[in-house]
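Data block below; observations after.
The values are calculated or read from the model by the stated rules, or taken from the named source; none is laboratory data. Predicted model, so just to flag it, every value in this text is computed and none were measured. We place every Cβ from the backbone using ideal geometry, glycine too, and count neighbours over all the protein chains shown.
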Amino acid sequence: MRAAAQALSLPAVVFLLSFPALPATGRNAWLEYPRLPQAPPLPAVVVAFGASPLIASAQAELIRGVKGLTGNTLRIESSLPPEDAILVGSAAALQRSLPSAAAQIAAPSNPEAFRIRTVTIGRSRHIVIAGSDDRGALYGAFAFLRAVATGAWTNETDLTESPRVPARWINQWDNLNGTIERGYGGPSIFWENGHVRSDLTRAGEYARLLASIGINACTIDNVNADPHLLTGAYIPEIARIAEAFRPWGVRVAVSIDFGSPQSVGGLKTFDPLDPAVAQWWKSRTDALYAAIPDLAGFVLKADSEGRVGPSAYGRTHADAANVVARALAPHHGLLFYRGFVYTHHMDWNDPKNDRARAAYDNFKPLDGKFDSNVFVQIKNGPIDFQVREPASPLFGALPHTNEALELQVTQEYMGQARHMVFLAPQWKQTLDFDMHAGGETGTPVKSIVRAWAGVTNVGMDENWLGNHLSQANLYAFGRLAWNPDLSPKQISDEWTTQTFGSNPLVVSTVSALQLDSWKTYEDYTGPLGLQTLTDIVGNHFGVAVEASERNGWGQWHRADEHGVGMDRTVATGTGYTGQYSPSVARTFEDLSTCPDNLLLFFHHVPYTYRLHSGSTVIQYLYDSHYRGAAQVETYVRAWQGLKGLIDDQRYRDVLAQLEYQAGQATVWRDAVTMWFYKESGIADSQNRVGRYPGRIEAESMKL
Ligand code: GCW
């Protein structure tokens with residue numbers, strides 16, 4: 001034994017110590033707190049100032065985090081001890097208890113903000129985590145632990161942060177029967193058999209994860225909403241979820257159905273201008289607030305994909321939004337009204353039809369007509385969470401309306417739980433895109449939106465989202481909603497270190513894979529702005545080039561034997577480019593300035609058209625699919641290089657996922673390239689398409 005111990009070199013010992021104590025299942029996600037090989041010196045005591053559940057959570061989290069990261073258990077004291085301590089509370093509570101140090105304790109004045117730094121009081125040096133309020137103190141506790149975990153904490157650190165926007169929401173698409181629309185991580189953590197689960201442990205754990213990234217509200221039911229939710233019977237059940245969330249500062253929000261006054265309210269109508277309807281919304285909302293005084297508000301999907309809406313009575317979306325918003329207003333509740341409105345019965349034969357136009361066409365005329373507690377919730381792109389879309393023109397078109405940005409964390413069109421696709425780089429494209437709103441430069445989407453909503457759809461699976469690496473997307477959503485200036489690399493480095501530990505090879509490898517993954521997925525699914533080329537009329541997984549064509553859903557690419565792409569120009573196409581401000585419109589309208597990666601989103605061109613890169617469109621399609629599929633194989637090998645550096649369970653889970661992805665990428669490659677080869681009749685210059693020496697096709701086999 002002794003000989004074996006002596007034989008271990010120092011780095012090996014340090015390395016072994018850096019392993020998490022228990023096998024990780026993914027349930028703690030980025031709050032795993034793996035032991036640091038070299039922890040910074042930290043006090044042995046924690047003191048919480050303030051009596052709220054939020055402050056209790058902050059203190060408990062500090063104890064848990066410091067224990068994991070350093071092995072030491074913080075001792076709780078109820079007042080300032082004669083030794084160094086970590087002090088956490090609102091700035092006001094800290095100042096009240098420590099009047100002599102009041103001048104050194106400060107936090108920014110806006111809600112949910114914090115300042116963390118080391119303050120000398122008497123002979124002791126205390127780490128003071130001061131929130132502008134209790135929620136800010138909780139966020140500060142998580143930020144402190146993040147700084148320690150990522151090696152960023154020193155005694156000189158002075159960290160002041162406040163969230164960019166006040167409303168940072170998650171949308172869950174959970175059905176009351178426990179299934180989840182577009183959820184890939186198992187059944188609902190909230191619902192089972194038509195009722196709220198009796199055991200809400202996972203809901204509480206979820207709220208903790210959300211709080212750690214600054215999320216402050218979460219809808220608990222599908223936007224394709226069940227009207228029964230607003231009946232009295234459910235209110236005590238929803239209140240139980242609110243209770244599970246509350247210690248973490250996450251407020252419940254509810255998706256509602258616009259037909260409810262009629263379908264469950266017994267009225268003859270749901271006309272938003274009917275006073276009885278307004279009264280119904282008011283009384284249901286009052287009843288909810290009586291049980292859940294901190295309810296965040298509602299999300300409403302109306303006149304979209306079969307949901308009823310104001311069009312039934314010839315009313316506008318503003319009429320619909322305002323009748324609900326006025327019921328929420330006395331309670332300071334918000335209404336997120338979805339801008340995802342389009343017809344899914346569009347005539348494919350009409351070349352002027354274009355689903356991408358729909359959100360702008362529906363909402364632009366209503367700018368300025370929405371009440372002040374309404375946010376129009378706009379998906380990042382004009383279609384539907386495809387692998388690449390331009391920023392929605394609606395962001396630049398509503399100067400007198402509150403806008404919320406909707407991003408999709410659950411990887412519906414993005415490989416579901418089976419493909420690694422880290423979405424922060426994609427989201428940054430939207431966030432940083434300058435809309436030239438009002439003709440001004442310097443109006444990127446991130447500066448226009450006043451709220452964020454992330455469709456997440458976690459489930460009961462141990463790792464929440466169906467695989468470990470997808471957790472990085474939820475982490476990135478929260479971090480960007482808090483601070484949209486963070487870089488994808490910073491986010492992915494942080495996430496990896498907190499999730500898998502600080503071994504430099506692990507961090508650099510995982511981060512590099514994640515940062516590469518979206519581009520690769522685009523390469524083997526739908527490059528050049530073609531969108532995802534998946535089975536859009538079914539489960540949105542797997543390759544199906546033709547599925548988007550010849551139906552009413554409008555996710556068309558119009559590939560035929562001559563060429564490919566949707567002509568969305570003003571000159572000859574659907575006129576969609578005209579929805580952008582003039583300088584942006586010009587860039588997309590003109591073939592010479594339209595970026596290659598969106599070419600086929602905006603233009604219909606012959607297969608022989610030459611890209612700015614010099615390649616023809618058809619050759620690029622071939623090349624990108626071969627490149628993408630080959631790239632995924634390198635992911636498998638890179639991951640194998642981490643064997644022994646990551647706990648076995650998660651190592652094996654991710655390896656299996658990447659191996660599957662590599663196989664799937666080949667299937668995508670062959671199906672898409674073959675389809676375009678047959679359609680265009682133009683051969684691959686490298687002669688790869690359709691030639692697979694050594695491969696035995698199932699069709700040619702005999703049983
Ligand atoms: O992309 C589509 C999804 C639907 C979803 C809809 C929406 C909840 O396929 O499942 O419905 O978007 O965002 O409302």
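What to note about this one:
- Among all positions in region 679-696, there is no residue which is out of contact with any Ser or Thr (no Cβ under 6 Å at 6 or more places or on another chain), among the aromatic types (Phe, Trp, Tyr) and surrounded by 13 or more Cβ atoms within 10 Å (Cβ to Cβ).
- The set of residues in region 203-229 that are among the acidic types (Asp, Glu) and either outside any helix (DSSP H, G or I) or within 16 Å of the ligand (Cβ to nearest atom) (or both) comprises ASP221, ASP226.
- Residue within region 110-126 that is on the phi > 0 side of the Ramachandran plot and touching a helix residue (DSSP H, G or I) at 6+ places or on another chain (Cβ under 9 Å) present: yes
- Region 164-186, residues that are more than 19 Å from the chain's Cα centre (by Cα) and not β-branched (Val, Ile, Thr): ASN175, LEU176, ASN177, GLY178
- Among the residues of region 375-401, those that are over 21 Å from VAL299 (Cβ atoms) and either modelled with pLDDT under 95 or away from the ligand (no atom under 14 Å from the Cβ) (or both) comprise ARG388, PRO390, ALA391, PRO393, GLY396, ALA397, PRO399, HIS400.
- Hey, ILE491 modelled with pLDDT under 95, surrounded by 20 or more Cβ atoms within 10 Å (Cβ to Cβ) and touching a helix residue (DSSP H, G or I) at 6+ places or on another chain (Cβ under 8 Å) or not: no
- Among (1) over 25 Å from ARG251 (Cα atoms); (2) among the polar types (S, T, N, Q); (3) at pLDDT 95 or above - the single one SER57 does not satisfy: (1)
- Within region 444-468, residues that are closer than 14 Å to TYR184 by Cβ reach partners that are assigned to a loop (DSSP other than H, G, I, E, B) and of a type in the set (Ser, Thr, Tyr) with beta carbons closer than 7 Å, at six or more positions or on different chains, in the pairs VAL455/THR410; THR456/THR410; ASN457/THR410; GLY459/SER188; GLU462/THR25; ASN463/THR25; LEU465/TYR184; GLY466/TYR184.
- Residue match in region 556-568 (condition: modelled with pLDDT of 95 or more, buried (at least 21 other Cβ atoms within 10 Å of the Cβ) and within 16 Å of the ligand (Cβ to nearest atom)): yes
- Pick from region 287-337, criterion among the polar types (S, T, N, Q) and away from the ligand (no atom under 16 Å from the Cβ), ranking: surrounded by the most Cβ atoms within 10 Å (Cβ to Cβ): ASN322
- Only residues that are of a type outside the set (A, V, I, L, M), within 16 Å of the ligand (Cβ to nearest atom) and in contact with a strand residue (DSSP E or B) (Cβ under 6 Å, 6 or more places away or on another chain) were counted in region 420-458, giving 4.
- For TRP169, the conditions (1) within 16 Å of the ligand (Cβ to nearest atom); (2) out of contact with any Leu (no Cβ under 7 Å at 6 or more places or on another chain); (3) outside any strand (DSSP E or B) are fulfilled apart from (3).
- Pair list, Cβ < 7 Å and 6+ apart or interchain, from region 262-275 residues that are surrounded by fewer than 17 Cβ atoms within 10 Å (Cβ to Cβ) to residues that are in a loop (DSSP other than H, G, I, E, B): LEU273/ARG315
- Residues of region 108-138 satisfying the condition of being assigned to a strand (DSSP E or B) and of a type in the set (D, E, K, R): ARG115, ARG117, ARG125
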